[in-house]
1. Can you tell me the FRET efficiency between residue 72 and residue 248 if r is taken as the Cβ-Cβ distance and R0 is 35 Å, rounded to the nearest 0.05?
2. In segment 94-138, whose amide N lies under 12 Å from the spot 7 Å out along Cα-to-Cβ of residue 217? List them in ranges.
3. How large is the dipole of segment 48-146 about the Cα centre if only Lys and Arg carry +1 and Asp and Glu carry -1, each at its Cβ, rounded to the nearest 20 debye?
4. Could you work out [θ]222 nm for the chain from helices alone, using -39500 (n - 2.57) per DSSP H run of at least four and dividing by all its residues? Round to the nearest 500 deg cm²/dmol.
5. Applying 1/(1 + (r/R0)^6) with R0 = 22 Å to the Cβ-Cβ distance of residue 27 and residue 65, what FRET efficiency is obtained, to the nearest 0.05?
6. What's the ranking of 57-70, 125-138, 29-42, 93-106 by average number of surrounding C-beta atoms within 10 Å, highest first?
7. Would you calculate the convex hull of the Cα atoms in segment 113-248 and tell me its volume per residue in Å³?
8. Sort 242-251, 113-122 for me by packing, meaning the mean count of neighbouring Cβ atoms within 10 Å per residue, highest on top.
Amino acid sequence: MTDVCAGLAESYALIEDVVDYTESEGYKSGELKKLDTTDTQVTIEQDKEPAVSGSLKTACQLADALVLQYYEAPNAVDAAFGHDLTMEQWKLISESKDFYVDLLYTAPLVAANVAHPLLQEIGNEMDADGRVFSFLCGHDSNVGSVLAALEAEDYELPAAVESKTPIGCKLVFERWANANGEQFGRVRLLYQSVDELREGTMLPGTVSPESVEMSFKGLQKNADGLYKYDDLRARVADATAEFDRIVEKYSQEELAQAA
């Protein structure tokens with residue numbers, strides 16, 4: 001495929017350096033090849049999640065292990081096998097796994113497909129009478145695909161290594177009402193900072209977790225930064241319905257080609 005991973009050259013090089021990649025048994029035996037931004041392949045099969053092979057998959061696995069080790073190891077230098085990395089370098093390592101998730105799960109057609117079941121559940125919970133709190137558990141791929149399907153605007157995460165979906169993050173749909181009974185909605189991404197993760201800090205009730213408010217293309221917030229609840233619910237419904245529109249469109253194209 002085309003060099004979609006061209007922007008990961010620095011991330012690949014840093015990962016190789018940190019783990020002494022070319023000194024590994026896998027590399028010396030020929031089982032592993034030097035990380036190459038041009039050899040990534042994406043496979044799409046019916047009734048299966050998208051799959052990636054090549055250097056991006058290897059780099060993602062290494063980056064994932066390194067970042068988890070950074071969170072868990074008391075000594076950051078030990079976590080990087082003797083390398084004293086800056087926060088920017090840890091973010092650079094994470095770029096490989098961040099891009100892996102983006103490539104697999106956030107393209108519009110893919111997001112509409114893989115996020116469809118979860119969007120249905122989110123919509124059901126938003127409609128449930130008397131619902132005070134609902135909890136749906138998933139993975140970074142779920143958060144990424146749902147936000148992509150809902151057409152979230154680009155955002156940045158302060159105090160995080162990952163660029164879009166920090167470990168243990170929560171995508172929170174909030175429902176508010178004013179004194180007149182008008183209902184409003186807000187969507188936030190909540191997560192722990194790097195220091196909180198590394199130190200195992202338990203947040204007291206007076207301290208909030210890191211939080212980034214989501215914005216969605218084509219929807220307007222009021223002066224308080226809230227959406228009309230009906231507008232937010234309609235966006236979830238439209239994203240859910242996109243799955244059926246895609247199925248209908250491509251079925252018609254296949255029928256036309258067959259004719």
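No value in this document is a laboratory result; all are computed from the given coordinates. The structure displayed is predicted, hence computed values, not measured ones. Here the Cβ is made from the backbone with ideal geometry for all residues, glycine too, and neighbour counts use every protein chain on show.
1. Details: r = 47 Å, r/R0 = 1.35.
With R0 = 35 Å, the Cβ-Cβ based efficiency is 0.15.
2. Inside the label zone: 107-109.
3. Numbers: 5 positive and 14 negative charges, 55 e Å.
So the dipole magnitude of segment 48-146 works out to roughly 260 debye.
4. Working: 10 runs with 121 residues, N = 259.
Value at 222 nm, helices only: -14500 deg cm²/dmol.
5. On the way: r = 16 Å, r/R0 = 0.73.
E(calc), rounded to 0.05, equals 0.85.
6. Numbers: 57-70: 19.6, 125-138: 9.4, 29-42: 14.0, 93-106: 22.2.
Peptide ranking by packing, descending: 93-106, 57-70, 29-42, 125-138.
7. Numbers: hull volume 18.4 nm³, N = 136.
About 136 Å³ per residue, rounded to a whole number.
8. Details: 242-251: 13.1, 113-122: 19.4.
Those peptides, ordered most packed to least, come out 113-122, 242-251.
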